[in-house]
């Protein structure tokens, strides 16, 4: 039997001045994303990322020295097969051309596609999962500054093939006439791997469609083959990208108190409040899979 005291404690308590949730609590509470704010945030963030990445000094001598060290370390570990993969795939013209275009386009297309899918289907998890991506990219910038690294195709004394130059394919900011617009010595960590693993984990964790979950697994694996076959990265650059992603997940875990994928799928409707407060469309929205949100 519920005691009167128990019923009393369950009643909503009046919010006294200064006793409501503080600004930090509100920032750490999942909310439905706002479309135009997200568009602006992504555009400004990518512009800033590109600006900072390309502003990092192109320390050529140090970058080439680091590439030699990485190559020797991989030989010591017995994983230095990038040159063989690069030459073998380059001998199949249609395959390497397809990989060149894959490298130049899917990195952006798939990442944006996953963000849009999260926004539409998992709004309660969107901000936290987006924070993982942003934190991953931010720490990668520090890597570019602290550890300049030449990609295999720019190494001296090797037989790596710059597949974009050889096959004159479109889209690479790292070869041809566009190379002066991009920092050539920012190979460590690989954000092609950081972003693709983020996409793959997100799809695998949140999708309920079996074939989509399979694609979530295959996408980062194929990306790893592509970055090596096109001589844009070493295997160890991929390890650096995964470490950056782990940092991103740690930041989101600390900020929200839970891993992004375990947050509610749909944010409950907000109570009417001051101007600017957002309401969830549809009072009967579902706060969690199988659990109806309270009507307001």
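Read-outs: derived from the displayed coordinates by stated rules, not from any lab. None of these values were measured; they are calculated from a predicted model. Glycine gets a Cβ as well: all are built from the backbone with ideal geometry, and neighbour counts include every protein chain shown.
Its relative contact order, with pairs defined as Cα atoms under 8 Å and 6+ residues apart, puts the range 106-263 at 33 percent.
Label zone (residue 146, point 7 Å along Cα-to-C-beta; backbone nitrogen cut-off 18 Å) within the range 233-249: 236-249.
Backbone N atoms of the range 200-243 closer than 20 Å to the 7 Å Cα→Cβ label point of residue 76 belong to residues 234-241. The length gained by stretching the chain between residue 60 and residue 40 to full extension, at 0.36 nm per residue less their Cα-Cα distance, is 3.8 nm. Take the Cα of residue 159, step 7 Å toward its Cβ, do the same at residue 116, and the gap between the two points is 4.4 nm.
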